Amino acid sequence: MALNLAFLNRSYPSLETFKVDQTKIEAFSAAIGDDNEYIKQGFASPTFLISIQMSAMEVALFDPELGLDYSKVVHGEQSFEYKKPVKAGVELSFVSTIEDIKSKVGNDFITIRSDVTDSLGNEVATLKATLIARGTDK
Amino acid sequence: MSVGIKYSDVEVGFELPKVIHNYQRQDLVNYANASGDHNKIHLDEKFAKEVGLPDIIAHGMLTMGVASRVVTNWVKDISAIKSFGVRFSAPVVVPNDGIGTNVEFSGRIEEKMSDKLVKIAIEARCDGTKVLGRSLIIAQLA
């Protein structure tokens, strides 16, 4: 099943802010084996924001009208651009935009860009995730 | 910006210290809990095989996270990291054999840019197969 192209360019502001705390920073760094000193100083590992992007994207990805079979989804590409490091105590807002939708040889591709700001409106990071739903035509 | 590593001290071709990471099933459970990604292809062997995978596969984002350590272990300073992008080119299959799967991560300075920025190409190999493609970190050195 092809994805619903009407979702292209739709934007989803996160309904709530995400508070970054030291426990989550440490759980994430432990899971990837990052034991650098900055963790103890309250700074998150470079890919930490994915743990928030996942839940910020759910509202779009789980919309039945989009037609994404989440059980077939694998991660195709991911990127991060950092404006400032993520530190314990900050409250982050995500605006996620569906930037691309396409089908290629029976696989569906969807790219979501998330623009992340702190409570003062400063840009923190921009994330892009491309997800692939494998072989949903079969 | 960076504490230790000076831009003037490195050249194109410089190789960063390698990171070797062993993936076991429990590591995927820990990563699922820490990241909130509970997709069953990373946790449920029966499910993974039903959807056509050889076995449970690791989260791509776990591999990306470990890959970041090649650079963060080297520069030490988190604010040095300006961007990081990867393509997931092959899965890391994690059997339930108590031995797990090793992936070797290496990094090499590919380009010296302006503003003391360097472009670092990261390679991740599992049994000789590249599991990350086009994996690049831009870092700002001192």
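Could you go through the range B:128-135 and let me know if any residue there is within 11 Å of chain A (Cβ to nearest Cβ), without any contact (Cβ under 8 Å) to a residue 60 or more places away in the chain and open to solvent by less than 60 Å² (accessible area, probe 1.4 Å).
For the range B:128-135, residues within 11 Å of chain A (Cβ to nearest Cβ), without any contact (Cβ under 8 Å) to a residue 60 or more places away in the chain and open to solvent by less than 60 Å² (accessible area, probe 1.4 Å): present.
If we keep just the residues of the range B:49-65 that are assigned to a helix (DSSP H, G or I) and within 8 Å of another protein chain (Cβ to nearest Cβ), which is farthest from residue A:36 (Cα to Cα)?
Step one: filter the range B:49-65 for residues assigned to a helix (DSSP H, G or I), giving B:49-50, B:60-65.
In the following step, the residues that additionally are within 8 Å of another protein chain (Cβ to nearest Cβ) were identified as B:60-62, B:64-65.
Working: B:60: 21, B:61: 19, B:62: 17, B:64: 16, B:65: 13 Å.
In this case the residue turns out to be B:60.
Is there a residue being open to solvent by 10 Å² or more (accessible area, probe 1.4 Å), more than 9 Å from chain A (Cβ to nearest Cβ), assigned to a helix (DSSP H, G or I) and at pLDDT 95 or above anywhere in the range B:66-85?
yes
Considering only residues that are open to solvent by less than 50 Å² (accessible area, probe 1.4 Å) and more than 12 Å from the chain's Cα centre (by Cα), look in the range B:86-107 and name the one that is nearest to residue B:134 (Cα to Cα). Lay out the reasoning, then the answer.
Narrowing the range B:86-107 to residues open to solvent by less than 50 Å² (accessible area, probe 1.4 Å): B:86, B:88, B:90, B:92-95, B:100-101, B:103, B:105-107.
In the following step, the residues that additionally are more than 12 Å from the chain's Cα centre (by Cα) were identified as B:90, B:93-95, B:100-101.
Numbers: B:90: 12, B:93: 20, B:94: 23, B:95: 26, B:100: 25, B:101: 22 Å.
By that ranking, first place goes to B:90.
Do you know which residues across the range A:16-70 are at positive phi and out of contact with any Lys or Arg (no Cβ under 8 Å at 6 or more places or on another chain)?
Once the filter is applied, which keeps residues that are at positive phi and out of contact with any Lys or Arg (no Cβ under 8 Å at 6 or more places or on another chain), the range A:16-70 yields only A:67.
Those residues that are at positive phi and open to solvent by 50 Å² or more (accessible area, probe 1.4 Å), I need them from the range A:74-120; list them, please.
A:105 - this is the single residue of the range A:74-120 that is at positive phi and open to solvent by 50 Å² or more (accessible area, probe 1.4 Å).
Yes or no: residue A:103 more than 14 Å from chain B (Cβ to nearest Cβ) and under 28 Å from residue B:133 (Cβ atoms)?
Numbers: more than 14 Å from chain B (Cβ to nearest Cβ): yes; under 28 Å from residue B:133 (Cβ atoms): yes.
Against the criterion (more than 14 Å from chain B (Cβ to nearest Cβ) and under 28 Å from residue B:133 (Cβ atoms)), residue A:103 qualifies.
Looking for whichever is away from chain A (no Cβ under 13 Å) and either farther than 30 Å from residue A:57 by Cα or in contact (Cβ under 8 Å) with a residue 60 or more places away in the chain (or both) here; the options are B:103, B:94. Which one fits?
B:94
Wholly within the range A:15-118, which helices (runs of 4 or more DSSP H) include no fewer than the required count, namely at least 3 residues that are at pLDDT 95 or above?
A:22-32, A:37-40
Which of the residues belonging to the range B:1-48 are in a helix (DSSP H, G or I) and open to solvent by 80 Å² or more (accessible area, probe 1.4 Å)?
Correct list: B:8, B:9, B:26, B:33, B:40, B:46.
Would you check which residues across the range A:122-138 are at pLDDT below 95 and open to solvent by 20 Å² or more (accessible area, probe 1.4 Å) and list them?
A:132, A:134, A:136, A:137, A:138
Where residues in the range A:18-51 are more than 10 Å from every other protein chain (Cβ to nearest Cβ) and within 20 Å of residue A:129 (Cα to Cα), which of them is most open to solvent (accessible area, probe 1.4 Å)?
Step by step, filter the range A:18-51, then rank; the result is A:18.
Out of all the residues in the range A:52-72, which are open to solvent by 50 Å² or more (accessible area, probe 1.4 Å) and at the interface with chain B (Cβ under 7 Å from one of its Cβ atoms)?
Once the filter is applied, which keeps residues that are open to solvent by 50 Å² or more (accessible area, probe 1.4 Å) and at the interface with chain B (Cβ under 7 Å from one of its Cβ atoms), the range A:52-72 yields A:55, A:72.
Show the residue pairs that are 6+ apart or on different chains and have beta-carbon atoms under 6 Å apart, the first residue being within the range B:34-63 and closer than 20 Å to residue A:54 by Cα, the second being of a type in the set (S, T, N, Q).
From residues that are closer than 20 Å to residue A:54 by Cα, the pairs are B:35/A:51; B:36/A:51; B:36/A:55.
Only one of (1) open to solvent by 10 Å² or more (accessible area, probe 1.4 Å); (2) closer than 17 Å to residue A:73 by Cα is not met by residue B:62, so which one is it?
(1)
The values are calculated or read from the model by the stated rules, or taken from the named source; none is laboratory data. This structure is a prediction, so every number in the text was calculated from the model and none was measured. Quick reminder, even Gly has a Cβ in these numbers, built from the backbone with ideal geometry, and neighbours come from all protein chains shown. All accessible areas refer to the heavy atoms of the entire protein, side chains included, with ligands and DNA or RNA removed. Shrake-Rupley method; radii C 1.70, N 1.55, O 1.52, S 1.80 Å.
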